[in-house]
Amino acid sequence: MLRMSFMEHLEELRTRILRALGGFVIAFVGTMIFAPELWRAVSAPAKEALTRLGIHPPNLVAITPMEQFSTIYVYAPLLAAVFISSPWILYQVWAFISPGLYKREKRWAVPFIATTSILFLSGGCFAYFIAFRYALVFLLGIGRDVNVSPFVSINEYFDLFVNVTLGVALVFEMPVLIFFLTLLHVASPRFLLSNSRYAILVIVVIAAIVTPTPDVFNLMLFAVPMVMLFFVGVFASYLLVLRREGRKFPWRRVILIALATIAALAAFVVVMTYHYHFHFIRQWPYLAK
């Protein structure tokens, strides 16, 4: 473990911040070149929701003269640059904290950066392709039965888009946070499991803040994946503790049980489909006559 003075820590922090900002600026300049294509992708959920609600043309509107320029050519590229430069920024974070780690702990650098980046991008994709689209259809369709037509400005739409996508992407970092706390001996799997009810309560509160709609369905659409990510983090924390204690996880037994469960579910679906003449539907319970 390296020993650094306070001023050396400040100098290292300054260097890492400047390098992270440099990577972000490069990504921002690159995304500005493709700003129109980027905005088409950002506004695609709104276009899809308005089309499903029967509103033609399914366009957003600009209320102020500067709204189009600032949203399309500045804010949208900024958001894209955050996601694109996230691996580089995370690398700078790891490079800053790595001098304070033992040699055996520094081996987690590549898994840390890769896993954190993948979870961050996966959270953004989950918000963009699933959660935000369902929420948007619900929000825009609330007043249709009382003669209210949606008239959405691009600025208000983008604010909601950022809150949902960026918020969910950050929440998806929960397994890495739990693993990192275990690595630093701040938390343990036993402590996390014994206090899981409080963690679930906090997760539901966070989901209620991130969720743009007040209905229970969209709340659960955000909360359930977050709870699953919490227990994934606890499992990763448990694997780390087993490694520290020189024990091994029974992967073979777990894989056999998982394969048997999948086979049983597949057999159930086959029997319900061919013998009882059920068919697949897109809503719960996904099988119906």
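Computed from the coordinates by the stated procedures, all read-outs in this text should not be read as laboratory data. The shown structure was predicted, so the numbers you read here are calculated from the model rather than taken from an experiment. Glycine also receives a Cβ, built like all others from the backbone with ideal geometry; neighbour counts cover every protein chain displayed.
In nm, to one decimal, how far is the Glu37 label point from the Phe191 one, both placed 7 Å along Cα→Cβ? Label-label distance for Glu37 and Phe191, simple model: 4.8 nm. In order along region 238-251, the Karplus-derived 3J(HN,Hα) couplings, from 6.51 cos²θ - 1.76 cosθ + 1.60 at θ = phi - 60°, round to 5, 4, 5, 5, 4, 5, 4, 8, x, 9, 10, 7, x, 4 Hz, and Gly and Pro are given as x. Annotation: Cα Rg of the chain relative to the compact-globule expectation 2.2 N^0.38 Å equals 1.22.
Computed from the C-beta positions of Met66 and Asp145, the FRET efficiency with R₀ = 35 Å rounds to 0.50. Comparing Phe34, Phe126, Phe180 in a Gaussian network model of the chain (Cα springs below 10 Å), the most mobile by mean-square fluctuation is Phe34. Normalising the average separation of contacting C-alpha pairs (under 8 angstrom, six or more residues apart) by the number of residues puts the relative contact order of region 30-157 at 40 percent. Using the Cβ-Cβ distance between Met7 and Leu78 with R0 set to 30 Å, the FRET efficiency works out to roughly 0.35. Residue by residue, region 260-273 carries 3J(HN,Hα) couplings of 5, 5, 5, 5, 5, 5, 5, 5, 4, 5, 5, 5, 5, 7 Hz when phi is fed to the Karplus relation 6.51 cos²θ - 1.76 cosθ + 1.60 (θ = phi - 60°); x denotes Gly or Pro.
When Ser149, Ser237 are ordered from fewest to most other Cβ atoms inside 10 Å of their Cβ, what list results?
Listing Ser149, Ser237 from fewest to most nearby Cβ atoms yields Ser149, Ser237.
Taken along the Cα-to-beta-carbon direction at a fixed 7 Å, the label points for Phe217 and Arg14 span 5.5 nm. Close amide H contacts of Ser153 (hydrogens built in the peptide plane, cut-off under 5 Å, sequence separation of 5 or more or a different chain): Val61.
If each residue's Cβ is checked for other Cβ atoms within 10 Å, how do Trp88, Trp251 rank with the fewest at the top?
In order of increasing Cβ crowding within 10 Å: Trp251, Trp88.
Neighbour counts of C-beta atoms inside 10 Å place Leu90, Leu181 in the sequence Leu181, Leu90, starting with the fewest.
In the chain, Cα pairs under 8 Å separated by at least six residues give a relative contact order of 17 percent.
The length gained by stretching the chain between Val232 and Arg253 to full extension, at 0.36 nm per residue less their Cα-Cα distance, is 5.7 nm.
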